[in-house]
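What follows draws every value from the coordinates through simple rules; no lab data is involved. These figures come from a predicted structure and were not determined experimentally. Cβ atoms come from the backbone with ideal geometry, glycine included; neighbour counts cover every protein chain shown.
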Amino acid sequence: MKISLKEIIEGQKTLLDLDVDIRLDDEAYLGDEISIVSPINFLGKIISQSEKIFIVGKYSCDIEFICHRCVKHFTKKIEGNIEEELVLNDSEESKTEDFYSINNYMIDLGEIVRSELTLSLPIKVICDDKCRGLCPVCGVDLNTEECTCEQDKIDPRLAKLKELLQND
Ligand SMILES: [Zn+2]
Ligand SMILES: [Zn+2]
């Protein structure tokens, strides 16, 4: 989604309010496919201040993840803040630093939000802090079923290690 910053850059305005819904395709994230199941709302503004231009605001959306422990699909609301400087793409900064750039008076808001969102996603996503995961022996979902494998087959000395592995 392209947004024109012409009036900001030319100085007619110092503030541009934004409240937009952005649709993005599903993302590949750390090898897992995640589905962005709602538009991403961005509520914020573009500010021109002391000859610099900033984007400041908040995004939120619903994402469908796969639980790292029990492989169940679940939806979680993801929110985050953006506070970044925007630079003209022919400026010195755009060549040397990692800023979001303005091309032909335009920024790609979808791209900015997408990068910020991907950076903020948790590395291992679990459906619930209390998720018990799958039984490593028989594979049942321990959140919904009981099994007797653990008492029978897991060496008590290894139980502690297993607990640590499940907590990661
Ligand atoms: Zn789970
Ligand atoms: Zn089992």
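Laid out as a table, the results:
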{"read-out": "Label zone at residue 76 (point 7 Å along Cα-to-Cβ), backbone N below 11 Å, the stretch 95-123", "value": "121-123"}
{"read-out": "Cα-based Rg of the chain normalised by 2.2 N^0.38 Å, two decimals", "value": "1.46"}
{"read-out": "Extension gain from residue 115 to residue 84, taking 0.36 nm per residue of separation minus the Cα-Cα distance", "value": "10.0 nm"}
{"read-out": "Pairwise Cα inverse-distance average, inverted: Kirkwood Rh of the stretch 40-118 (Å)", "value": "14.3"}
{"read-out": "Dimensionless Rg over Rh [the stretch 110-149; C-alpha; Kirkwood]", "value": "1.29"}
{"read-out": "At R0 = 41 Å, FRET efficiency that the Cβ-Cβ distance of residue 6 and residue 124 yields, to 0.05", "value": "0.40"}
{"read-out": "Filtered trypsin sites (Lys or Arg not before Pro), the stretch 106-149: DSSP coil and at most 14 other beta carbons within 10 Å", "value": "124, 130, 132"}
{"read-out": "Helix 109-120 vs. the chain, principal-axis angle (Cα, 0 to 90°, nearest 10)", "value": "30"}
{"read-out": "Pairs beyond 30 Å (Cα-Cα), from 2/52; 2/76; 58/124; 13/76", "value": "13/76"}
{"read-out": "Helix 156-166 vs. the chain, principal-axis angle (Cα, 0 to 90°, nearest 10)", "value": "20"}
